[in-house]
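K.L.:
What follows is a structure written as structure tokens; I'll ask about it next.
We did not get these values from a lab; they are worked out from the coordinates using the rules stated. Here the structure is a predicted model, which is why all the values come from computation and not from measurement. Methodologically, a virtual Cβ is constructed for each residue, glycine included, from the backbone with ideal geometry; neighbour enumeration extends over all protein chains shown.
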Amino acid sequence: MKRRLIALTLAAVLGAAGAAEPAGDALFHALGGRAGLERLAADFVDRANADARVGPAFDGVNRKHLSRQIADHFCQLTGGPCVYDGGNMKDAHGETRIDKGDFYRVVELLQDAMDHQGLPFAVQNRLLALLAPMHRDIINAP
Amino acid sequence: MRTAPRRTTPLRRGLAILCFGLGVLAAPALAASGKPLLTGGVSSIDGAAGGGLTPWALTGSYATANESGLTAFITRVALQDYALDVRGVAWSWNERLELSFARQDFDTRATGTALGLPGLHLKQDIVALKLRLAGDAILDPDRWQPQWALGIEHKSLDADGLTPTLRALGADTSGTEVYLSATKLLLAQSVLVNATLRATRANQNGLLGHGGTGQRHHSLQPEVSLAWLLNRRVAVGAEYRAKPDKLNPSLLGDGLREDDWWDLFVAWTPNKHVSLTAAYVDLGRIVPAVQTRRQTGAYLSLQLAY
């Protein structure tokens, strides 16, 4: 019993890790396609702007342009027919001091926006799994 | 040996928790940041952050880099023939270090009476330290590397009238356990997995002391948890904790043999200050010389975080 349970757990971990997102555009469509991503990005940018913690970093940023860039980026990441032509994540965030708490705050705001857009939790996490590794380029303060 | 009676009544305990709770509500700004909901785990019965029965590599509370957090909890495990009450606190810092303290009170009920010790409560204090060694359980879903933590738990037992018996059985009333935990959030699957390997010689988690005649050494025991996140606030899962069996055989033959533990749980965190966990637990046989049936029952835990 004991051994079998451990083996099962290991199999679950090994089977699931690495198998992040299958190729294809399933997630793109689950997120509502291009239109859904545009709504999500606009909602998310509004929330980020209004947030006490991370909002100041968005002062003077063209919201329309930013949300279009984010929609493009998400679209490309999730297998949609888009080309993200914005800067890499390191350059895009380089001038702002961002610590891990800031990063998590932004994750929460994105979750709020996804909730508001009525996206199922499992779909939300598939997108977050693609975005989370970006912390390596975005978090620039200890 | 009889120690001075502890003066904490349930009422006092309740008041203390209420005050803490009000403090938490009054200062929401402190913990407005931090890790996402549920990622602080809950308070294990030994005080360390984790599942209900086993510690995880995650540090407690929602404190992330350069932040510190506090949690306090009360847990009740109501079994067929016994009851366990636990309360404790934990402090964690920078997702690096966690210090916890828990006090367990095990009501032996009819078993105590059968042993000629009516009203016997086994009281155990657990001081524990957890150090994150490497990895990030949450933010690296594209990598295999889990979050690793090394922990140490020191348990001291006040067995009251049972102390001479434990001595005769060759069990020490205090003991230290070391564990290594690996935790990984499989984000795309909304599943959290933990595996812990504990070096222990604790009998019934230390409530019957540590080791026995002829069985003095620690052994390695695996513990696993699987949690499925249903939404941002609710997780359901299962845990399995293997245990040593150092009092089997003993003077009582196999009358003190013990079994592995498992549970099925649901945890709910309405916000970053409160979590409630309910579980069905099966703690196997506990002193089968007196109570032969498996000790199944309910586990209920309230945690406040700050």
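K.L.:
Starting from the 7 Å offset along Cα-to-Cβ, what nm value, one decimal, do you get for the label separation of A:Asn62 and B:Leu180?
P.N.:
Result for the modelled spin labels: 5.4 nm.
K.L.:
What percentages, rounded to whole numbers, describe P(r) for chain B computed over all alpha carbon pairs with 10 Å bin width beginning at zero?
P.N.:
Whole-percent P(r) values from 0 Å outward: 6, 28, 36, 21, 8, 1.
K.L.:
When the label point is put 7 Å from the Cα of B:Val234 along its Cα-to-beta-carbon vector, which residues of segment B:288-306 have a backbone N closer than 20 Å?
P.N.:
B:299-303
K.L.:
On to the next question. Counting pairwise Cα distances across segment A:74-138, what percent come out greater than 19 angstrom? Before the final figure, lay out the partial values.
P.N.:
Numbers: 811 of 2080 pairs.
Across segment A:74-138, Cα pairs with separations above 19 Å total 39 percent.
K.L.:
With springs only between Cα atoms under 10 Å, which of B:Gly40, B:Gly112, B:Gly50 fluctuates most in a Gaussian network model of chain B?
P.N.:
B:Gly112
K.L.:
Using only the alpha carbon atoms of segment B:120-240, find the Kirkwood hydrodynamic radius as the inverse mean reciprocal pair distance, in angstroms to one decimal. Mind showing how you got there, number by number?
P.N.:
Details: mean 1/r = 0.0617 Å⁻¹.
Hydrodynamic radius (Kirkwood, Cα only) of segment B:120-240 equals 16.2 Å.
K.L.:
Points 7 angstrom from Cα along the Cβ direction at B:Gln80 and B:Asn271: gap in nanometres?
P.N.:
Label-label distance for B:Gln80 and B:Asn271, simple model: 4.2 nm.
K.L.:
With just the Cα atoms defining each centre, how far is segment B:60-86 from segment B:260-298? Give it in Å.
P.N.:
Their Cα centres are 13 Å away from one another.
K.L.:
Helix-only estimate, please: 222 nm mean residue ellipticity of chain B, summing -39500 (n - 2.57) across DSSP H runs of length 4 or more and dividing by its residues, to the nearest 500.
P.N.:
Working: 3 runs with 29 residues, N = 306.
Calculated mean residue ellipticity at 222 nm is -2500 deg cm²/dmol.
K.L.:
Helix B:10-26 sits at what angle to the longest principal axis of chain B, using alpha carbons and giving 0 to 90 degrees rounded to 10?
P.N.:
10 degrees
K.L.:
Multiplying the sequence separation of B:Ser219 and B:Leu133 by 0.36 nm and subtracting their Cα-Cα distance, what value in nm do you get? Display every interim value, and only then the final one.
P.N.:
Working: separation 86, 0.36 × 86 = 30.96 nm, distance 2.24 nm.
Here the answer is 28.7 nm.
K.L.:
Further question: Provide, in order from the shortest bin, the percent of all Cα-Cα pairs of segment B:46-203 in each 5 Å bin, continuing until the bin that contains the maximum pair distance.
P.N.:
Taking every Cα pair in segment B:46-203, the percentages come to 2, 9, 16, 18, 17, 13, 10, 7, 5, 3, 1, 0.
K.L.:
How long are the semi-axes of the equivalent ellipsoid of the protein assembly as shown, taking √(5λ) for every eigenvalue λ of the Cα gyration tensor, in whole Å from largest down? It would help to have the intermediate numbers written out before the result.
P.N.:
On the way: eigenvalues 427, 100, 61 Å².
Values for the protein assembly as shown, descending: 46, 22, 17 Å.
K.L.:
For chain B, modelled as a Gaussian network with Cα springs under 10 Å, which listed residue fluctuates most, B:Arg132, B:Arg293, B:Arg96?
P.N.:
So, out of B:Arg132, B:Arg293, B:Arg96, the one fluctuating most is B:Arg293.
K.L.:
Please state the relative contact order of chain B as a whole percent: Cα pairs under 8 Å, 6+ residues apart? Let's see the in-between values first.
P.N.:
Values: 853 pairs, mean separation 47.2, N = 306.
It rounds to 15 percent for chain B.
K.L.:
OK, next. With the radius of gyration and the Kirkwood radius both derived from the Cα set of segment B:158-306, what is their ratio Rg to Rh? Present the calculation step by step, with values, prior to reporting the outcome.
P.N.:
Values: Rg = 17.7 Å, Rh = 17.0 Å.
With Rg and the Kirkwood Rh in hand, the quotient comes to 1.04.
K.L.:
I would also like to ask the following. Take chain B, connect every pair of alpha-carbon atoms lying under 10 Å apart with a spring to form a Gaussian network, then pick out the residue of B:Gly211, B:Gly34, B:Gly116 with the largest mean-square fluctuation.
P.N.:
B:Gly116
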